[in-house]
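Engineer: If you scroll down you'll find the structure; I have some questions about it.
The values are calculated or read from the model by the stated rules, or taken from the named source; none is laboratory data. It should be emphasised that the depicted structure is a prediction, and the values quoted were computed from it without experimental measurement. As a convention, Cβ positions derive from the backbone with ideal geometry for all residues, glycine included, and neighbour counts pool all protein chains shown.
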Amino acid sequence: MAEILVEFDRSTQSIGALREAAYRIIRDASCQIETAGERYLCRLTPKQGGRSTSVGEEGLRENFLDLVTDENLREKVAAETSGVRDVILALAFGALAMKQDDAGPA
Amino acid sequence: MASFRAAAAFASDAATEIQLLPLRFERLGANRFLVANLVGDLLLLNGEELDRVVSLAIAPGDGLYERAFEKLLVSGKGQRSQLQLLALRLRSRMAFLREPTPLHLFVVTLRCEHSCPYCQVSRRSVDRDRFDMSEEIALRAVDVALSAPTPRIKVEFQGGEPLLNFELVRMIVGAVQERAPARNKTVEFVIASNLALLTDEVLAFCRDNEILLSTSLDGPADLHNRNRPRPGGNSHELAVAGIRRAQAVLGQSRVGALMTTTEASLGRVEEIVDEYLRLDLDGIFLRLLSPYGFAIKTKQFDRYGGREWLAFYERGLRYIIEVNSRGVCPRPRRAAEEGSVFRHSRILSTSSCVRRSLVRS
């Protein structure tokens, strides 16, 4: 199967999400990410024995887009919940940190 | 006369009062997501529901809000109770981090005379110098293990096949026993071995030093030998003989076995349990393949999925319950102590159920 090219607009798509998606699809395809002007170019090379043989070129492209979409959502959730996550961690472990501080250096 | 106000009077402007809590999710299919809160409680959602939760397009009374609230995926803004609950559970869940590490694994060699395709370790067959632990490293590791603050530690010898480097095992046991009393440590030793190289000398050493043996038994001979190839094709014969000899010399409770589930095991859980019963082993841990080492390289890990694993596990669990309900006990001597129970070890542990579901849909 030939290489599959998937393009993204750099102004709206984070490179981190593309890297995560590239990692998650690694069993079915290798993904090379390049920058070309205002675009990210993701070149998917299907692997022998991967699912590309059953889902085809379009299926693999859709799978990659789903993975990128999921990663984008994860980034959004992480950004929106980072503050409350810190609060929860402070509630959970803050007392322990204070105890450690009180104990002084070992 | 005063009356109750209509329910609508108690409704709030939910969109401005709900906040999203930390969550993770995995896609299980085109429109199916497994969502986990900060402490690992799980909820199945479709794509539209996940979008609504994340964008907070939910409101009390719509059902989805209640599901998300119950699973600690959302909370009321300014309400600390949900956050405190999460914090409390997180602290409990991570309590193990406050405990010093009691288990110390000594991989005394990477060499092995078996060539199991599911091996967690990238075993080697040659070059003793490169793939055996050196005495210098071993003695430093002994000091690391004995420096653990916990008063009781366990030293477990693994490989490869640790009996291929038995002299180092012997040296480490001696060093630990020599240094442990000064540090007020109680030490338990375990050798994880396929038992193919078990000798009278090894057994006597285990008996004299109260060393436990842990071995691998995948089921009846044909299944075990298929899963665990070695020159001569007699892995099962040697393992069974080793278990019997160890039971005789060390005592029945001093040797245990673990099985690994391969694709070939899936339809045979009853036979596998029966094999453990036949050998007077008092429990079984239905264990899935670990995604490490040769299990990845040989693609063994891809041979079955979550559904097949759970079906195998359920059949096995039902059979174990049936065995127990029949009053069958493999070890009459201990029946009075344990109430004639053939145990399923680590039942419903993370490794046995949930992780497989998460990893493979």
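Engineer: Which one of the conditions (1) in contact with a helix residue (DSSP H, G or I) (Cβ under 7 Å, 6 or more places away or on another chain); (2) in contact (Cβ under 8 Å) with a residue 40 or more places away in the chain; (3) surrounded by fewer than 23 Cβ atoms within 10 Å (Cβ to Cβ) does B:Arg170 fail to meet, given that it meets all the rest?
Structural biologist: (2)
Engineer: Still on this model: I'd like to check something: does the stretch B:132-142 contain any residue that is buried (at least 20 other Cβ atoms within 10 Å of the Cβ) and either under 21 Å from the mean Cα position of the chain (by Cα) or within 14 Å of chain A (Cβ to nearest Cβ) (or both)?
Structural biologist: Within the stretch B:132-142, none of the residues are buried (at least 20 other Cβ atoms within 10 Å of the Cβ) and either under 21 Å from the mean Cα position of the chain (by Cα) or within 14 Å of chain A (Cβ to nearest Cβ) (or both).
Engineer: Counting just the residues of the stretch B:74-120 that are facing another protein chain (nearest Cβ under 10 Å) and part of a loop (DSSP other than H, G, I, E, B), which one comes out surrounded by the fewest Cβ atoms within 10 Å (Cβ to Cβ)?
Structural biologist: Going through the qualifying residues, I end up with B:Lys77.
Engineer: Condition first: without any contact (Cβ under 8 Å) to a residue 24 or more places away in the chain and of a type in the set (D, E, K, R). Can you find one or more residues in the stretch A:9-25 that meet it?
Structural biologist: Yes, the conditions are met somewhere in the stretch A:9-25.
Engineer: Still on this model: Which residue, of B:Arg244, B:Arg226, B:Arg207, B:Arg230, is charged (D, E, K, R), touching a residue at least 24 places away in the same chain (Cβ under 8 Å) and in a loop (DSSP other than H, G, I, E, B)?
Structural biologist: Selected residue: B:Arg230, the only one of B:Arg244, B:Arg226, B:Arg207, B:Arg230 that is charged (D, E, K, R), touching a residue at least 24 places away in the same chain (Cβ under 8 Å) and in a loop (DSSP other than H, G, I, E, B).
Engineer: Restricting to the stretch A:43-67, what's the tally of residues that are buried (at least 19 other Cβ atoms within 10 Å of the Cβ) and more than 12 Å from every other protein chain (Cβ to nearest Cβ)?
Structural biologist: Step one: of the stretch A:43-67, the residues buried (at least 19 other Cβ atoms within 10 Å of the Cβ) are A:44, A:46, A:52, A:60, A:63-64, A:67.
With the extra rule that they be more than 12 Å from every other protein chain (Cβ to nearest Cβ), the set shrinks to A:44, A:46, A:52, A:60, A:64.
Residues meeting the conditions: 5.
Engineer: Quick one: would you say B:Tyr292 is surrounded by fewer than 21 Cβ atoms within 10 Å (Cβ to Cβ), under 18 Å from the mean Cα position of the chain (by Cα) and either not assigned by TED's automatic domain parsing to the domain that holds B:Leu163 or not basic (Lys, Arg) (or both)?
Structural biologist: yes
Engineer: Quick check: is even one residue across the stretch B:48-70 part of a helix (DSSP H, G or I) and touching a Ser or Thr at 6+ places or on another chain (Cβ under 8 Å)?
Structural biologist: Yes: one or more hits.
Engineer: Filter the stretch A:5-42 down to the residues that are under 15 Å from the mean Cα position of the chain (by Cα), surrounded by 18 or more Cβ atoms within 10 Å (Cβ to Cβ) and among the small types (Gly, Ala, Ser) and list them by number.
Structural biologist: Answer for the stretch A:5-42, where residues must be under 15 Å from the mean Cα position of the chain (by Cα), surrounded by 18 or more Cβ atoms within 10 Å (Cβ to Cβ) and among the small types (Gly, Ala, Ser): A:Ala17, A:Ala21, A:Ala22.
Engineer: Moving on to the next point. Filter the stretch B:15-50 for residues that are closer than 23 Å to B:Gly76 by Cβ, facing chain A (nearest Cβ under 8 Å) and out of contact with any Pro (no Cβ under 9 Å at 6 or more places or on another chain) and give the result.
Structural biologist: Across the stretch B:15-50, the qualifying residues are B:Gln19, B:Leu20, B:Leu21, B:Pro22, B:Leu23, B:Arg24, B:Phe25, B:Leu50.
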